[in-house]
Amino acid sequence: MFRYLTSGESHGKRLTTIIDGMPSGLRISAADINTDLRRRQGGYGRGARMAIEKDVVEITSGIRHGVTLGSPIGLTVENRDWENWEGPMNSEAIAVKDKKQVTKPRPGHADLPGALKYDHRDVRNILERSSARETAARVAAGGVARRFLDEFGITVRSWVVGLGGVSAEVTGPPARLFKAAEASPLRCPDKIATEAMKRTIDLAKENGDSLGGIFEVSATGVPPGLGTHVQWDRKLNARIAMAIMSIQAIKGVEIGMGFDAARNPGSRVQDEIFYRAAKAGRKKVGGFWPETGGFYRKTNNAGGLEGGTTNGEPLVLRAAMKPIPTLYKPLRSVDIGTKKPYKASVERSDVCAVPAASIIGEAVVAIELADAFLLKFGGDSIREISRNYKGYLKQVRDF
């Protein structure tokens, strides 16, 4: 079972991730993780914080000479901005005048409900942890999960399909869409839509506003049988939906056809099942490859999941991110101390972070797939899991 915890504050000394359940024998380096950390920091519309931070991971435990040991993996990412916040964010007691207290909660943020829940009169105690800065730690964990999935031919990709009301035309093979997205400043494969999105971001910035959008995550090479229908909390669609919804500012998730399935008759929604006999000489190494023979679908409205279980088709989901709640023309709020009306506090922020959110989406989906894969094919080493997986693939292809 792949488990992880993160700790750390936005302007604290560092972010920390502890991963448990990764088997021994997986080759991995800091560079494998740093690639995704760098991708998370990119995107048109990001704020000044990204000019300060240059995220790199330090592996503190669980990996020796580039190979996992089977013991818990420790990862840390330093906050360069800590040097500007060492006083206000220090764990030791300091004078009240140096605390940089926040008493004006921002509408749409965790500020007020968090302060009420934890009885904090200084909202900074909430916003520091609820900040999306925390997701750097999750992307680090996702980098480990992604490297594990690579061993078995499973690839997780993402791209932006909508931003600030601008929709993109996104069709084609996942590998091609991903390549185009990686070359785009907004991680959008549609060049025309990208330019329109940039203009929309520029206008929002001029107006002191912020923008949200929609990103899509796709996972290919996923075998049938991950997840299960037998218990509600083990359904993979539920686990993935929870993981996506746990990303800051995400307000909706749909899998496959999603909400459009409710607007169409069943004959246009369900994916018909076909069978193709295997042909001699058609072999692929790693991953689940329907083209080698077996059951397959001509459509993928289910998004690769039926009854909480993967069906062998690519996993496809979309997530909706609301506009970031920090506005440079702040909305009305109330000071929690004086109870007088004020404009909400302004923390340094992005105009739009949808491209970054898509990278975080990749990370949490990779984590859930790795967890489901380990639950299905169990084992304490990569060699053991590989034997189990190869036996299962043969069983499925001979079914």
Exception for residue 83 within (1) crowded, with 17+ Cβ neighbours inside 10 Å; (2) in a helix (DSSP H, G or I); (3) not basic (Lys, Arg) falls at (1)
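Within the bounds of segment 148-167, is there any residue that is charged (D, E, K, R) and farther than 27 Å from residue 392 by Cα?
For segment 148-167, residues charged (D, E, K, R) and farther than 27 Å from residue 392 by Cα: absent.
Matching residues to (1) under 30 Å from residue 131 (Cβ atoms); (2) hydroxyl-bearing (Ser, Thr, Tyr); (3) modelled with pLDDT of 95 or more; (4) in contact with a Ser or Thr (Cβ under 7 Å, 6 or more places away or on another chain):
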site: 214; (1), (2), (3), (4): yes, no, yes, no
site: 229; (1), (2), (3), (4): no, no, yes, yes
site: 240; (1), (2), (3), (4): yes, no, yes, no
site: 244; (1), (2), (3), (4): yes, no, yes, no
site: 247; (1), (2), (3), (4): yes, no, yes, yes
site: 251; (1), (2), (3), (4): yes, no, yes, no
site: 257; (1), (2), (3), (4): no, no, yes, no
site: 262; (1), (2), (3), (4): no, no, yes, no
For segment 355-386, how many residues are surrounded by 24 or more Cβ atoms within 10 Å (Cβ to Cβ), farther than 20 Å from residue 44 by Cα and among the β-branched types (Val, Ile, Thr)? 3
Run down 206, 151, 195 and say which single residue is within 30 Å of residue 4 (Cβ to Cβ) and among the acidic types (Asp, Glu). 151
Conditions (1) surrounded by fewer than 18 Cβ atoms within 10 Å (Cβ to Cβ); (2) farther than 19 Å from residue 138 by Cα -> residue 102 fails only (1)
Take the residues of segment 61-80 that are closer than 16 Å to residue 30 by Cα and among the hydroxyl-bearing types (Ser, Thr, Tyr): which is surrounded by the fewest Cβ atoms within 10 Å (Cβ to Cβ)? 61
Quick check: is even one residue across segment 118-133 farther than 19 Å from residue 328 by Cα, loosely packed, with under 14 Cβ neighbours inside 10 Å and of a type in the set (D, E, K, R)? yes
Subset of segment 7-63 (residues that are in a helix (DSSP H, G or I) and either at pLDDT 95 or above or within 17 Å of the chain's Cα centre (by Cα) (or both)): 30, 31, 32, 33, 34, 35, 36, 37, 38, 39, 40
May I ask you to list the residues in segment 163-198 that are surrounded by fewer than 23 Cβ atoms within 10 Å (Cβ to Cβ), among the aliphatic types (A, V, I, L, M) and part of a helix (DSSP H, G or I)? 175, 177, 180, 192, 193, 196
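The values are calculated or read from the model by the stated rules, or taken from the named source; none is laboratory data. Remember, predicted model here, so these are calculated numbers, not experimental data. Positions of Cβ are backbone-derived with ideal geometry, glycine not excepted, and every protein chain shown enters the neighbour counts.
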